[in-house]
Every structure is written in structure tokens, then in C-alpha cells.
Amino acid sequence: MTAKNVMELFRLDGRRAVVTGAARGLGRTIAEALAQAGANVVIASRTLSDCQAVAEEIAASTGRRTWAFVVDVANSSEIKRFAEEVSSVFGPVDILVNNAGINIRGAAEELSEADWDAVIATNLKAPFLCARAFGPAMCERGWGRIINIGSILSAVGLPGRAPYASSKAGLLNLTRVLALEWGKKGVTVNAICPGPFATDMNKQLLSDPAQYEAFVEKIPMGRWGELHEIAGAAVFLASDAASFITGSALFVDGGWTAQ
């Protein structure tokens, strides 16, 4: 068999990708990057109008086919409906990016049970439900990519982040388990673990100079990440260039976790 040119390995032409939480921030950036690499993309979040606007913009800029779907990824019946609708309208899904996430900050003794449940449901249960909804069909076809968006808090802790850090640490081990279960079936499962990026989730930190500088001091590169700097990692793990990588975590954190 003739080997492909290395750059061709990164192409996603003809692939179909689903990105949750894709209406803004890292999710939107990842969705656009996959489309730029050739994939057709489903933009999914809880607000249909936002998804539609992003889908239209990505389609216009890349020429790829895009669809907007509304879904609450923490609700199992919603996920079932979503998966059925996507498969009917979009066709078989090749790439799933579990990006949707929330963060509720506070000292452990101040956080409520409802706070804990909300974060765990969105950040950990939802990726499990989505992987369970789309992964088996990938296994049947013998090719698939699942990318879970973790965090530096998948590996380290910070005060005031008990639910978030617990959910992201759990997500990393879910990634490993699914990789073990589906590896022989042609489906890779990996995690991208970003450091601080200027997203809506981090507005609280961005608007507080002291907190912002405290984070910068922990980053060897001396700055926060820019949204476009997540794109290459996502395209790589979604492509044939990463065909022998599974159960791994790619830290895109400016060196934070190297310390």
C-alpha cells in the first residue's frame, strides 16, 4: 500500500463530526478547525439560535456542510433523541468531541449538593452518555474518533474547584477505559486538557487582575492560551495522523503541568 503524504493524514474530507458546546469558546474553535480540515460538522448546544448562527458562519467560511442541533447533554433522553436525529439528518458520525462543560467555583463547605450534581452531570455524565450514543456505531464501522475536552485540572488541583476538578479527573479515566474497550474496533478515545484560555467560563478570572496574574505566574510560557491554539490538537487527534494514539491526554497548557 502506498503511504500517504504526511500532510494528507491530517485531512478530514468526508468525515462527519459532532461537537457539543460548540456555540462559543473552545467548542466553536474546534468545530471550525474540523471543518477547515474537510469535515462536515454538527454544532450542538442548549441554545438553537446560537448554534444556527455559528453553523452558518462556519459553512460560509469553509464551504463545508453544517447543521445546528439543540440538546441538553446531561439528559439521557435528550441524548437519545439527539443521536437519532443526527444520524437521520447528518448520517453516520465519525468524530465526537465532548466539549460541553460548566464550572461552579467556591470553597467545598460553601458549595451545595446541587452545585456538585450540575457540574458532574455536564462534565462527566454527559461525555459518557454521548460516547455511549455514538461510539458503538463507530465500532461497527471500524473507524471513529472520540475527543474529550478535559483540563489541567484533570491532573492537578486548585482551591475552590472541587466539582470541576473531580469531573475532569474522572473524564480522563473515562477516556482511558473507553480506549481500552474500543481500541480493537478501530475507535480511538483521547483527551485534550487545556490550560487557561480566554473563554466565557473564565470571564471571572479575566476581569480580576490579581487572579489573572496568579494564573500567569503558573504558566512557564507566561501567558494565557489563545483560542486558535486548541485547533491543531483537535484536528490531529481527529485525523489519521493520530491513528496509533488512544487513551492519551494532550495537555495544551503553556507548560503548567510540566512543573
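Descriptive notes on the structure:
- Meets criteria (surrounded by fewer than 22 Cβ atoms within 10 Å (Cβ to Cβ) and of a type outside the set (Phe, Trp, Tyr)) for Ile95: no
- Count of the range 29-79 residues which are under 25 Å from Glu226 (Cα atoms), of a type in the set (D, E, K, R) and free of Cβ contacts under 8 Å to residues at least 60 places away in the same chain: 5
- Residues located in the range 190-226, provided they are at pLDDT 90 or above, of a type in the set (Val, Ile, Thr) and in a loop (DSSP other than H, G, I, E, B): Ile219
- Residue in the range 99-119 that is farthest from Ala238 (Cα to Cα), counting only those that are of a type in the set (S, T, N, Q) and either in contact with a helix residue (DSSP H, G or I) (Cβ under 8 Å, 6 or more places away or on another chain) or part of a helix (DSSP H, G or I) (or both): Asn103
- Candidates Gly142, Gly150, Gly101 - the one that is more than 29 Å from Gly254 (Cβ to Cβ) and in contact (Cβ under 8 Å) with a residue 24 or more places away in the chain: Gly142
- Qualifying positions in the range 156-189 - aliphatic (A, V, I, L, M) and either over 19 Å from Ala108 (Cα atoms) or part of a helix (DSSP H, G or I) (or both): Ala162, Ala165, Ala169, Leu171, Leu172, Leu174, Val177, Leu178, Ala179, Leu180, Val187, Val189
- Of the candidates Thr188, Thr175, the single residue that is in contact (Cβ under 8 Å) with a residue 60 or more places away in the chain, touching a Gly at 6+ places or on another chain (Cβ under 9 Å), hydroxyl-bearing (Ser, Thr, Tyr) and buried (at least 19 other Cβ atoms within 10 Å of the Cβ) is Thr175.
- Complete set of residues in the range 219-240 that are crowded, with 19+ Cβ neighbours inside 10 Å and not hydrophobic (A, V, I, L, M, F, W, C): Gly225, Ser239
- Residues of the range 1-49 satisfying the condition of being surrounded by fewer than 19 Cβ atoms within 10 Å (Cβ to Cβ) and in contact with a Lys or Arg (Cβ under 7 Å, 6 or more places away or on another chain): Gly38
- Filter pass, Thr122 being under 15 Å from the mean Cα position of the chain (by Cα) and in a helix (DSSP H, G or I): yes
The values are calculated or read from the model by the stated rules, or taken from the named source; none is laboratory data. From a predicted model like this one, the values you see are computed outputs, not experimental measurements. Virtual Cβ from ideal backbone geometry, glycine too; neighbours counted across all protein chains shown.
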